[in-house]
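The values are calculated or read from the model by the stated rules, or taken from the named source; none is laboratory data. Keep in mind that this is a model prediction, so the values were computed, not measured. We place every Cβ from the backbone using ideal geometry, glycine too, and count neighbours over all the protein chains shown. When the accessible area is computed, the model is the full protein with side chains, heavy atoms only, and any ligands, DNA or RNA have been set aside. Shrake-Rupley method; radii C 1.70, N 1.55, O 1.52, S 1.80 Å.
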Amino acid sequence: MSYRDGIAPHGMQLINRVATPEQKQEFLDKADSLPRVQLDERAVSDLEMIAIGGFSPLSGFMEREDYERVVAEMRLANGLPWSIPITLSVDEAIAEPLKEGSLIRLDDPRGQFIGVLQLTQKYHYDKAKEAVNVYRTDDIKHPGVKVVYDQGSVNLAGPVWLLERQPHPLFPKYQIDPAQSRQMFKEKGWRTVVGFQTRNPIHRAHEYIQKCALETVDGLFLHPLVGATKEDDIPADVRMRCYEILLEHYYPQDRVILAINPAAMRYAGPREAIFHALVRKNYGCTHFIVGRDHAGVGDYYGTYDAQYIFDEFEPAELGITPMMFEHAFYCKRTQQMATTKTSPSTPEERVHLSGTKVREMLRRGELPPPEFSRPEVAAELAKAMRIPVEAK
């Protein structure tokens, strides 16, 4: 595959691990005789992202050498930057009878056959080391750390196949996989594309930094995450409707593509910022927006730690350009969105926005003000949260 018309995927090859019709039939014929492992929601997302090339160059769940180097150094065994371990962890009792070299049937949480793992390794790992290195804490209250400590003690590794690429049950029109997004960018003539990661409804600060970025590139790839998130995050269907409303009324139609990212959130802060950038590189983005506390949760990370971590890599080895933005706010003096770089306001004249603040207001039954959200978006959030529109 040539990448003359766009950025190369990470590792120079866009992975495709979706079974061919012949492979699918072969796996179905063996289905009842294969040992089974049931995946949780995050593992299903990981399987899907590997299969469609979103996690290129990974072709399966990580073997020990890749896993240990990623945890310790943010690199795969071959030295390629990679910041988040992608593993399939199971209990000892499940792992013990599985034989290396065999095929394993992968079922979703409902017990449906969705994929196959060719088991090349099974190995124990250090949960505390993974937690501290990846999440910078071993506090069980951190949602990512909790997942690590709750999951099994043995990692199953090896290449995978997704049995079939199913349409997304909620957002089929926005299910745009890396091969498709790359083709769309090419057809639009976009040579520079900025990706934006979000798990929250878009508020005015998001809109501001997206449009600042869009002034310098050909197109915006708005790529909200719809995989597993925390229970208190706004549901994906509500978020998607907010994005649709905003794009319809406030963005140039020919310069934005909205697509879903089926990955699960890790809440790994700085490491996840690198991870999110590499994933968008695989989708064909040349640039990636990194704002305040990217992929953060609570007070575990410094405000701009997710920007500083990019300095730990040579730009060429990441292969995607981060676009760093300060914390944007609504400036009462100039009556517009701004940052400290562009606003002469005092701290008292600034209305700071965040997804957390929006969620807190909604839980209290309050409607976000115009300084926080566009009125149409606020009305949609209010409807979803059953808040009277006249609420203040």
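Quick notes on this structure:
- Accessible surface ranking that places the most exposed of Tyr304, Tyr149, Tyr125, Tyr135 first, with a 1.4 angstrom probe: Tyr149, Tyr304, Tyr125, Tyr135
- For region 222-227, Karplus couplings with θ = phi - 60° (6.51, -1.76, 1.60), whole Hz, Gly/Pro x: 7, 10, x, 7, 10, x
- Where both bridge residues fall in the chain, DSSP classifies roughly 55% of the beta bridges as antiparallel.
- Karplus-derived 3J(HN,Hα), 6.51/-1.76/1.60, for each residue of region 123-130, Hz, glycine and proline x: 8, 7, 8, 9, 5, 5, 5, 4
- Listed residues Asp139, Asp107 arranged by accessible area, highest first, probe 1.4 Å: Asp139, Asp107
- Area of Ile86 that stays accessible when all protein chains are in place (1.4 Å probe, Å², to 10): 0
- Efficiency of FRET from Cβ geometry, Asp91 and Arg165, R₀ 35 Å, rounded to 0.05: 0.75
- Max-minus-min Cα coordinates of region 1-57 on each principal axis give 45, 27, 13 Å, with the largest extent listed first.
- Phe113 accessible area, 1.4 Å probe, all protein chains in place, Å² to nearest 10: 30
- Which label in (i) 21.3, 70; (ii) 19.9, 58; (iii) 22.8, 65 gives the computed Rg and Dmax of the Cα atoms in Å: (i)
- The HN-Hα couplings worked out from phi for region 342-347 by the Karplus form 6.51 cos²θ - 1.76 cosθ + 1.60 (θ = phi - 60°) are 10, 10, x, 5, 8, x Hz, whole numbers, x standing for Gly and Pro.
- Region 198-266 versus region 289-329: alpha-carbon centroid distance in Å: 18
- Heavy-atom accessible surface of region 108-236: percent carbon and sulfur, 1.4 Å: 50
- Ligands, DNA and RNA are left out, and with a 1.4 angstrom probe the accessible area of region 32-155 is 42 Å² per residue.
- For region 95-189, the equivalent ellipsoid derived from the Cα gyration tensor has semi-axes of 31, 22, 14 Å, listed largest first.
- Residues whose placed amide H lies under 5 Å from that of Ile289, excluding near-sequence neighbours: Gly195, Gln197, Met323
- For the chain: relative contact order, % (alpha-carbon pairs under 8 angstrom, 6 or more apart): 17
- Sorted largest first, the principal axis extents computed over the alpha-carbon atoms of region 150-193 equal 48, 25, 22 Å.
- FRET efficiency, Gln253 to Leu98 (Cβ-Cβ, R0 41 Å, nearest 0.05): 0.20
- Cβ-based charge dipole, region 132-231, positive-most Cα from Val132, Val147, Gln180: Gln180
- Extension gain, Glu360 to Thr346, is 2.5 nm, computed as 0.36 nm per intervening residue step minus the present C-alpha separation.
- Computed extension length for Ala31-Thr216: 61.5 nm, one decimal, from 0.36 nm per residue of separation with the Cα-Cα distance subtracted.
- The chain, helix-only ellipticity at 222 nm - DSSP H runs n ≥ 4, -39,500 (n - 2.57), divided by all residues, nearest 500: -9500 deg cm²/dmol
- Computed over region 60-102: relative contact order in percent, which uses C-alpha pairs under 8 Å that are six or more apart: 30
- Using a probe of 1.4 angstrom and keeping all protein chains present, the accessible surface of region 194-258 works out to 34 square angstrom per residue.
- Estimated FRET transfer efficiency (Glu317, Val238; beta-carbon r; R0 41 Å; 0.05): 0.60
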